[in-house]
Amino acid sequence: MPEPNGGARAANGAGVTNILEARGITKTFGGLVAVNSVDFDIPERAIVSLIGPNGAGKTTFFNMVSGLYIPTSGRFVLTGRDITRMKPHERAQMGLGRTFQNIRLFGTMSAVDNVLAGMHVRLKGSILGSILGTPGVSREEKEARERAHALLGFVGLRGRQTFAKNLPYGDQRRLEIARALASDPKLLLLDEPTAGMNPQETARLTELIGRLREERGLSVLLIEHEMRVVMSISDRVTVLDHGEKISEGTPTEVRQDERVIEAYLGTARTG
Amino acid sequence: MTTGDATKTLSGALLEGLRHSSWQSRLAVAVVALMLALLLVQAVQDPGQFTSQLLIGLTNGAIIALIALGYTLVYGIIELINFAHGDNFMIGSFVGLTVLSGTLFGLGLFAPISGDSGTIIKVAGVLIALVVAMAACGLLNVGIERIAYKPLRNSPRLAVLITAIGMSFILQNVGLVWKGPAQVPFPDLISSANILPGDAIVFRWKDLFVLAVTIPLLVGLSYFIKNTKQGKAMRAVAQDKEAAAMVGINVNRTISVTFLLGGILAGASGVMYGLFNGITVFNVGFTQGLYAFTAAVLGGIGNLSGAVVGGLLIGIIGSMADQYVGVRWTSIVIFAVLVLVLVFRPTGLLGDRSATQGGGSGRA
Amino acid sequence: MRGVALKRFALPAVLITLAFLFPLLDDGLGLGLMFPIIVIAVYVMLALGLNIVIGFAGLLDLGFVAFYALGAYVMGWLASSHFNQVSFSFLSTAQSLSGGARPGIHISFWIVLLVAGAFTALCGVLIGAPTLRLRGDYLAIVTLGFGEIIPRFFQNGDNLGGFNLTNGTVGIKSIDSPGIPFLPESLSSWQRFGTLDLNPWYYTILVLVLITIFVNIRLRDSRLGRAWVSVREDETAAAAMGINPVTTKLWAYALGAVFGGIAGAFYGAFIKSIFPTSFSFNISILILCMVILGGMGNIYGVILGAIALQGINFYLLPQINGWVHAIGDALGSPLLSGADIPKYNFFIFGIILVLMMLLRPEGIIPNRQRQEELHDDSTGGDALGGTARA
């Protein structure tokens, strides 16, 4: 268990720095408490999963991390800076990347352009520079295109000149990850990345998530229903139920936790 | 909890609200307060004139409110700013004028009704003009929806808005061909004499006429929406089209009924406008339509009582601006109200739908 | 590859050459089309400015005329005798008949063009900053509100606490002509642009239009251009990529305003007298119609749309009017022979708007992206072309 009063850049037991720290996060909608006083840490280079039955508050929590909701109380610290009240685009600039449960690509852009749009905040080309076509801007654009192609290669896509929305489903998922990677995130939020995938595609995506950490040194926060994915790649798993954190630990620990089994058996869904 | 505690929490909440309010909203409140204070000074200096002006504002506001209801009904149900609605109102005034002048398609059906006609003929003429204009505008509105908006039900919102603007120009030019570019006079059927004794406060027969037509219409509309099956269907469709369809509500028919109602109110409003102001013109729908849209937004678009309150307020703001700022500034004042309401309180005074994007940020 | 290069460079080169040679053609054939062509070019520039706002960023602006009006009035204020309380001259080629100092502010046309562009950009930011967070249809109405307020303000601005800012309905008259000093006497028509020889005007607006096209193309393919498309398509996803939706839209608004303002400033100097009534809502809709007819987001389409609609205004309608009158005379119908068809031009524009949206929302020459977006049958989106997802 992490120390509840950890400092801004506190180290946990193993002496690893935390990328993200959430303290006492609460969100109420009217009288309904969706998330209740949740503490949560994501260490550097870790894959952390957030699971729980439907309506447990996972998505609300996720939306608070990415900035779509502002918590009623509590705070988020990303790499030492308080981001609780920051807007989504400011968080992205701070190094937070995300994908969406119901893929939200820029449908009428090509795959490369999607990645280039994701790179937006890491490019410097000014408007005047773009209009005049200064050497600096041209060079940056050329390098950006090369990097975009490299990123597409990394996720296993080739830069095809079709609209993103015409890509096969599995490729769209991969493209969304490539687009998120383009903004050089330190922490990547993946919202049910294997939803709607067949076992083969799921296995390939699981492998890709592993490589995000191994090859790019990213931390990943994963919301996932597919328990095999969660249990095979997570370093740590946090379980929410009715807005409360009921369990936290390694996949093995969580799997054996009585309260988790009860929470899952208590609802129709067993993952 | 004791009452004392409650008061304490209330004042605390107010303080909290003040602390959290942006400088913009504080400024807005201050400006509104200043305006009210200035008006109050005028009211004390010349109460008769102020009251007369207030009454004229109410009458104008009633005419605007009827148009505003058409915007708000349609927006409530298909989230479209029906830009052509103001021009439908103009067509209503033209239809009314045509009926009163006794000509239809070039045929002289009866002698034109003028100020010299007998009282019974005048009353009957006005009633017939109202009914014909209401029917014509209702059907016109339904027709416009069928032809121009229905095929675009799944298109981007702005595509439908552009279509509505196109329809607005088409109607305006129909009016231009019909009655020409100049202002056309309405017969002077209703007396401008003051009902009230003395001339300190002016409340004319004309004003009474407008209120006498508007109030039954509002009561009827309210009854229709609250108590009839079709009215309930409208509310259901406004809430959730798909769910309404699933429980067996005919969504297309319900939308048509909504346009019909909006058109009927615009038709009545058009005839009243003509009789009240003595003139009408082919592009009257643009300005009046914008005033009415402002009213709908001010009250909270999609909110029916909001449209009425907003209409009356816009009427009063307009008449006050006429008197105390100068007639030529009135339209600027009202458009400024439109802009300011949308910027500072897009949900309107009574609030209903969020005008800003993203559910989270819309919460004030 | 050869075909691509041909299409990419040869066609524009031919068109530009033709445009530069047009005055010779006009003179040689005695067409007398210089005046309408210059006005059409002003509208091409306006349409390209609005294209940035609507075509690229997907924001419906119903008050674009405000920037056009502001640009024209900046020219009126800074290059005429309107402010006759002062006498200030700076690099202006305008001279007084008596040779003495002229009343009013007279600044070089070329400088005022830039000032007008900067001023309207500033106004665009001031109008846009508080309003751009509104949803698309509300934003459209707010822009309409501003588009109505500004000309009405000009109309009433002849007595602002005793100060005559705009000269009311009379408007600002005898605006200075531009000119290029330091030219030899043989190029006198270029030293001070006159009303007889329209060539200098023509080449000035041609160059302005070419610059506008160039900037449009460069912006479309830039980092900002991608940000516009992404915000237009999915604001939430764009924000998750670190793109600030509000500043992105604000740039579209400001850059569009720049071209509106410069076009207005040129028009003011060209037409010499400006009135508030020349800047009505109809003009906003006319420009909107050009963008939609040609194809939102497609630069060539928008140019074509502008030429087509002004062609209808200047050429087709008077032509039809003549025919109708002839028919009326032949039939002895006073209704037809007295009809004033050009008066009903907005009937045609209204029909164009409705038919385009119903039948071909992507315009005559579509932008491929916008074509896909507008034919995407998912539930109604917010931005023009964007598709909303739950």
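The values are calculated or read from the model by the stated rules, or taken from the named source; none is laboratory data. Quick caveat, the model's predicted, so the values are computed rather than measured. Quick reminder, even Gly has a Cβ in these numbers, built from the backbone with ideal geometry, and neighbours come from all protein chains shown. The protein model used for the area step is the full one, side chains on, heavy atoms only, and it has no ligands, DNA or RNA in it. Shrake-Rupley method; radii C 1.70, N 1.55, O 1.52, S 1.80 Å.
Considering only C:Pro12, C:Pro36, C:Pro361, give the residue with the highest GNM mean-square fluctuation for chain C, with springs between Cα atoms whenever their separation is below 10 Å.
Of the options given, C:Pro12 has the highest mean-square fluctuation.
Quick one: dipole size for the protein assembly as shown, taken about the Cα centre, charges +1 on Lys/Arg Cβ and -1 on Asp/Glu Cβ, in debye to the nearest 20.
Roughly 840 debye, rounded to the nearest 20.
May I ask what percent, to the nearest 5, of DSSP beta bridges between residues of chain C are antiparallel?
Values: 4 of 8 bridges.
Roughly 50 percent of the DSSP beta bridges within chain C come out antiparallel.
Modelled label-to-label distance, A:Glu253 and C:Leu331, 7 Å Cα→beta-carbon offset: nm?
9.2
Between C:Asp340 and B:Leu139, how many nm apart are label points set 7 Å from Cα along the C-beta direction?
Taking the simple label geometry, C:Asp340 and B:Leu139 are separated by 3.2 nm.
How far is helix A:135-155 tilted off the main Cα axis of chain A, in degrees rounded to 10, range 0 to 90?
It works out to around 50 degrees.
For segment B:213-364, what's the relative contact order in percent, using C-alpha pairs closer than 8 Å and at least 6 residues apart?
15
Which value, in Å² and to the nearest 10, is the accessible area of B:Asp188 when all protein chains are kept and the probe is 1.4 Å?
100
So for the pair C:Asp27, B:Leu208, with labels modelled 7 Å out along Cα→Cβ, what separation do we get in nm?
Placing both labels 7 Å beyond Cα along the Cβ direction yields 7.7 nm.
Please identify the helices of chain B, taking whole runs of DSSP H, that span at least 18 Å along their own axis as judged from the Cα atoms and have a mean Kyte-Doolittle score of 1.0 or higher.
Numbers: long enough: B:3-20 (25 Å, -0.22); B:23-45 (33 Å, 1.65); B:47-78 (44 Å, 1.33); B:85-100 (23 Å, 0.94); B:119-144 (37 Å, 2.24); B:157-179 (33 Å, 1.35); B:205-227 (33 Å, 1.20); B:251-277 (39 Å, 1.11); B:284-299 (22 Å, 1.23); B:304-324 (30 Å, 1.28); B:327-344 (26 Å, 2.56).
Once both thresholds are applied, what remains is B:23-45, B:47-78, B:119-144, B:157-179, B:205-227, B:251-277, B:284-299, B:304-324, B:327-344.
Count the DSSP beta bridges whose two residues both fall in chain A, then state the antiparallel fraction as a percent rounded to the nearest 5.
So the antiparallel bridges in chain A amount to around 60 percent.
Whose amide H sits under 5 Å from the amide H of A:Glu244, counting only residues 5 or more places off or on another chain, with H placed in the peptide plane?
The answer is A:Asn36.
Once you have the Cα-Cα distance between C:Asn159 and C:Ala10, take 0.36 nm times their residue separation minus that, and quote the gain in nm to one decimal.
Between C:Asn159 and C:Ala10, full extension yields 48.2 nm more.
Taking all protein chains as present, what is the carbon and sulfur share of the accessible area of segment A:104-167, in % to the nearest whole number, probe 1.4 Å?
55
What pairs from B:Lys150/B:Lys226; B:Lys150/C:Lys249; A:Lys87/A:Lys186; A:Lys124/C:Lys249; A:Lys58/A:Lys245 go past 21 Å between their alpha carbons?
Pairs exceeding the cut-off: B:Lys150/B:Lys226; B:Lys150/C:Lys249.
For the protein assembly as shown, just say rounded, prolate or oblate: build the C-alpha gyration tensor, square-root its eigenvalues into a ≥ b ≥ c, call rounded for a/c under 1.5, and beyond that prolate if a/b exceeds b/c, oblate if not.
Oblate.
If each residue of separation counts as 0.36 nm, what is the full-extension length gain between B:Trp178 and B:Ile279 once their alpha-carbon separation is subtracted?
34.9 nm
How far, in degrees from 0 to 90, does helix A:199-216 lean away from the longest principal axis of the Cα atoms of chain A, to the nearest 10?
80
Want the number for A:Thr17 to A:His225: 0.36 nm per residue separation, take away the alpha-carbon distance, what's left?
Full extension from A:Thr17 to A:His225 adds 72.1 nm.
Could you tell me which of rounded, prolate or oblate describes segment C:33-374, using a ≥ b ≥ c as the square roots of the eigenvalues of the alpha-carbon gyration tensor, with rounded for a/c under 1.5 and, failing that, prolate when a/b is larger than b/c and oblate otherwise?
Judged from the Cα gyration tensor, segment C:33-374 comes out oblate (a/c at least 1.5, b/c at or above a/b).
For peptide A:93-104, what's the mean number of Cβ atoms from other chains within 10 Å of each residue's Cβ? Walk me through the numbers before you get to the answer.
On the way: counts 4, 1, 1, 2, 3, 3, 2, 5, 0, 2, 2, 7.
The shielding value for this peptide is 3.
Between rounded, prolate and oblate, where does segment A:104-167 land on the alpha carbon gyration tensor, with a ≥ b ≥ c its root eigenvalues, rounded for a/c under 1.5, else prolate if a/b exceeds b/c?
Prolate, because a/c is 1.5 or more and a/b exceeds b/c.
For chain C, modelled as a Gaussian network with Cα springs under 10 Å, which listed residue fluctuates most, C:Ser80, C:Ser188, C:Ser333?
C:Ser333
Restricting to the protein assembly as shown, what percent of DSSP beta bridges are antiparallel, rounded to 5? Could the numbers behind the result be given before it?
On the way: 32 of 52 bridges.
That works out to approximately 60 percent antiparallel.
Say R0 is 56 Å: what FRET efficiency, to the nearest 0.05, do A:His149 and B:Arg253 get from their beta-carbon distance? Walk me through the numbers on the way to the answer.
Numbers: r = 54 Å, r/R0 = 0.97.
Taking R0 as 56 Å, the efficiency between A:His149 and B:Arg253 is 0.55.
Taking +1 at the Cβ of each Lys and Arg and -1 at the Cβ of each Asp and Glu, which of B:Val44, A:Asn54, B:Thr163 sits farthest along the dipole of the protein assembly as shown towards its positive end, judged by Cα position relative to the Cα centre?
Farthest along the dipole direction, towards plus: A:Asn54.
What FRET efficiency do you get for C:His375 and B:Asp199 if R0 is 60 Å and r is their Cβ-Cβ distance, rounded to the nearest 0.05?
Numbers: r = 65 Å, r/R0 = 1.08.
With R0 = 60 Å, the Cβ-Cβ based efficiency is 0.40.
What total accessible area, in Å², is buried where chains B and A meet, using a 1.4 Å probe and rounding to the nearest 100?
In total, chains B and A hide about 100 Å² from solvent.
Rounded to whole Å and ordered largest first, report the semi-axes of the equivalent ellipsoid of chain A derived from its Cα gyration tensor (root of 5λ).
Result for chain A: semi-axes of 33, 22, 17 Å.
Report the net charge of residues surrounding A:Glu143, where surrounding means a beta-carbon distance below 12 angstrom and charges are Lys +1, Arg +1, Asp -1, Glu -1.
Once positives and negatives cancel, what remains is +3.
Within straight cross-link reach of B:Lys122, meaning Cα distance under 19 Å, which lysines are found once same-chain residues fewer than 8 apart are removed?
Result set, ordered by chain and number: B:Lys206.
Top mean-square fluctuation among B:Val210, B:Val44, B:Val281, Gaussian network model of chain B, C-alpha springs under 10 Å?
Highest fluctuation among the options: B:Val44.
May I ask you to give the solvent-accessible area per residue for segment A:177-224, in square angstrom, as obtained with a 1.4 angstrom probe? Walk me through the numbers before you get to the answer.
Numbers: 1550 Å² over 48 residues.
Solvent-accessible surface per residue comes out at 32 Å².
Given a Förster radius of 51 Å and the C-beta distance between C:Gln319 and C:Asp221 as r, what FRET efficiency does 1/(1 + (r/R0)^6) yield to the nearest 0.05?
0.80
Nearest 100 Å² is fine: what is the total accessible surface buried where chains C and B meet, probe 1.4 Å?
Values: alone 19230 and 18580 Å², together 33280 Å².
Accessible area lost upon association: around 4500 Å².
At q = 0.10 Å⁻¹, what log₁₀ I(q)/I(0) does a Debye calculation on the Cα points of chain B give, no solvent, two decimals?
-0.68
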